[in-house]
1. Consider residue 173 carefully, then state whether it is open to solvent by 50 Å² or more (accessible area, probe 1.4 Å) and not in a helix (DSSP H, G or I).
2. Run residue 142 past the list (1) part of a helix (DSSP H, G or I); (2) modelled with pLDDT under 95 and report the number of the one that doesn't hold.
Amino acid sequence: MSGTHPRRFPEPDFPGDPAAPGVTGTGPGRLVLLTTSHRVAAGLLSAPAWRALRGADRVVCRDPEHPLLPHLADAGITVAVAPGGGFDAREVIDRCAGGRTVVVVASADGEDRLTDDLARAAGSGRLRVPDLELLPGSWDLPGARLLDLVEVMDRIRRNCPWSSARAHADLAPYALEEVHELVEAIEAGDREELREELGDVLLQVVFHSRIAEEHTGEPFSIDDVAGGIVAKLIHRHPHVFGDERASTPEEVREHWLRTKATEKARGSVTEGVPMGQPALALAAKLAARARTAGLPAVPRRSDAPAP
């Protein structure tokens, strides 16, 4: 994000007379520490957060590059950027004195220095510190950390000499290896290993999707991959997302096979079966396809007469 405009985000007048004209009251006041998630669009805040910002006597922020600042300016909320990159606890206490409310827009790395200094001031007994409130202005939804993975993979692809030179074919052996390791973790019942191997398999998906973005003729992204599987899952679960009914696993399987057959329109039971997989896995897959099609799945003896 580019630098902030000094006229829109003025420097705070710390130190100085903490009293605002016309403000009277008693008590140590209230200090609100407003936290936000970088995985959520900067302007999307909760209703309590907007109420706190609009009702504050002063809004301050330590980071002049905080992505929320332009949105607050557009909303008519003046934000004072702390000089020198930090807050002085005594000045903050003075600013809250008289029953006033100060909102601190927390930086990405937190405000540990300020809260630690306030804790020491409270412990000393010499100062009346304001009531401290932690207010989440936005928070992560389930799956939000996947955005971090996409961002990290993009940076690695651009800046790592090894990763930036990989093609799909180069990664194919790793994908096969990671899936085998995942299966071993499942069979071993090792939960920690399972979590790690799932991450390694997920990395393969994100890595291949990032490479696919660079294709000159038919590029696609991780969003296209996710959108495709979402559409497929919805279509193959009409009993969840549509008007169909399924009360048993067998009925669910019937829905799945019927919708899959319509999608693929395959002309052979062997079509779509990867022939490069290990022999036993290939045999099991072909037998399953034959059973689904109502064909005999038991192999015929070589010396048996032909039907």
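1. Judged against the criteria, residue 173 is not a match.
2. Of the numbered conditions (1) part of a helix (DSSP H, G or I); (2) modelled with pLDDT under 95, the odd one out for residue 142 is (1).
The values are calculated or read from the model by the stated rules, or taken from the named source; none is laboratory data. Note that the coordinates shown come from a computational prediction; the quantities given were computed from them, not determined experimentally. The protein model used for the area step is the full one, side chains on, heavy atoms only, and it has no ligands, DNA or RNA in it. Shrake-Rupley method; radii C 1.70, N 1.55, O 1.52, S 1.80 Å.
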